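Down below is the structure, laid out as structure tokens.
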Amino acid sequence: MDGLFGQSDGLIRLIVFLSVFLVMALIELALPKRTLIAPKGRRWLTNLGISVTASLVLRLMAMLAVPVAAIAAAFYAQEHHIGLLNNLAWPEWVKVVVALLVLDLAIWAQHLASHKIPILWRLHKVHHADRDIDVTTAVRFHPVEIALSMVWKIVVVVPLGASPFSVFLFEVILNACAMFNHANIALPLPLDRVLRLFIITPDMHRVHHSVLRREHDTNYGFNLSVWDRVFRTYTAQPEGGHLGMTIGLTPYQSEDPTRFGWSLLLPFRRTGFATTPARPTAPVEDHAATQKPT
Ligand SMILES: [Zn+2]
């Protein structure tokens, strides 16, 4: 089964990415939920530019012969019979399901950590600084955060003994679900209610992009909604309503987050201030500011 996609997994992932992206972008045009603040042109170039830069960083790391790709790590573990699932005689489909569940929980935990550990939050807030949320927000992750995430996946994949196929499938599902739950689409409410019993819907994830810390420190899931319910980090709806809530981070309610250079340098900047504050009197509610008042 693994040999089927071993050579072309990158191509398959790209095709799925482009297809889901296109479908979400079209639904956003037909059924938009919120009116976007910033014009799409520069924001989209910035968000997609950050994503391309992240891919180049990973490519570079791979060229340096570091086993960064989670799928490559899974191949290695399989060949050397390392990891729990590689040493169990369970049916293959059961192993795939277990691997998908464990990887999803691992990504949920990583997301929680990136909100709670200040140095990880510095990287992750590039994603949260976007003042609008749509399909391109799903790929707006700092390259260093993507690289760390790859290392974290390897740390999970090898001892778990997840097969290359299950890691590949997880990557495709994660990518597609992230584009779906970041999309600015107005899903009919009855459909949202049923879907969110199982997966993260756009309304559920929008709460996570609120400027209010008590809201953006909840709804950490990307695929399954069960983890936020089990670990009591679930917020059903935003206080300000989906149309009234403010998206992004309070210190950065300006044009800055739509700029490519500003976004990539954000983790290395002194926290709490935008270079061109639109509302200088706005209360600062960034994590660093609330954790370590100066
Ligand atoms: Zn987050």
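The values are calculated or read from the model by the stated rules, or taken from the named source; none is laboratory data. A quick note: this is a predicted structure, and the numbers were derived from the prediction, not measured. FYI the Cβ positions are ideal-geometry reconstructions off the backbone, even for glycines, and counts take in every protein chain you see. Just the protein is used for accessible areas: all its heavy atoms, side chains included, with ligands, DNA and RNA removed. Shrake-Rupley method; radii C 1.70, N 1.55, O 1.52, S 1.80 Å.
General remarks:
- Per-region count, segment 102-138, residues within 14 Å of the ligand (Cβ to nearest atom), under 27 Å from GLY261 (Cβ atoms), in contact (Cβ under 8 Å) with a residue 40 or more places away in the chain and open to solvent by less than 30 Å² (accessible area, probe 1.4 Å): 12
- Residue check: LYS116 meets all listed conditions (1) of a type in the set (D, E, K, R); (2) at pLDDT 90 or above; (3) under 21 Å from SER8 (Cα atoms) but one, namely (3).
- Note on segment 205-229: residues that are small (Gly, Ala, Ser) and within 14 Å of the ligand (Cβ to nearest atom) total 2.
- Of all the listed residues (LEU187, LEU191, LEU174), the sole one being outside any helix (DSSP H, G or I) and within 25 Å of ASP132 (Cβ to Cβ) is LEU187.
- Exactly one residue out of ALA162, ALA176 is under 16 Å from ALA106 (Cα atoms), small (Gly, Ala, Ser) and out of contact with any strand residue (DSSP E or B) (no Cβ under 7 Å at 6 or more places or on another chain), and it is ALA162.
- Residue under evaluation VAL230, criteria (1) of a type outside the set (Phe, Trp, Tyr); (2) open to solvent by less than 60 Å² (accessible area, probe 1.4 Å); (3) at pLDDT 95 or above, criterion not met: (2)
- Some residue of segment 209-226 being touching a strand residue (DSSP E or B) at 6+ places or on another chain (Cβ under 6 Å) and part of a helix (DSSP H, G or I): yes
- Single residue of segment 194-208 satisfying the filter (part of a helix (DSSP H, G or I) and open to solvent by 10 Å² or more (accessible area, probe 1.4 Å)) that is farthest from VAL139 (Cα to Cα): VAL194
- Some residue of segment 155-176 being in contact (Cβ under 8 Å) with a residue 12 or more places away in the chain, within 11 Å of the chain's Cα centre (by Cα) and open to solvent by less than 20 Å² (accessible area, probe 1.4 Å): no
- Counted as qualifying within segment 69-159 are the helices (runs of 4 or more DSSP H) with 3 or more residues that are β-branched (Val, Ile, Thr), namely 92-116.
- Selected residue (criterion: most open to solvent (accessible area, probe 1.4 Å)) from residues of segment 1-18 that are more than 18 Å from the chain's Cα centre (by Cα) and at pLDDT 80 or above: ILE15
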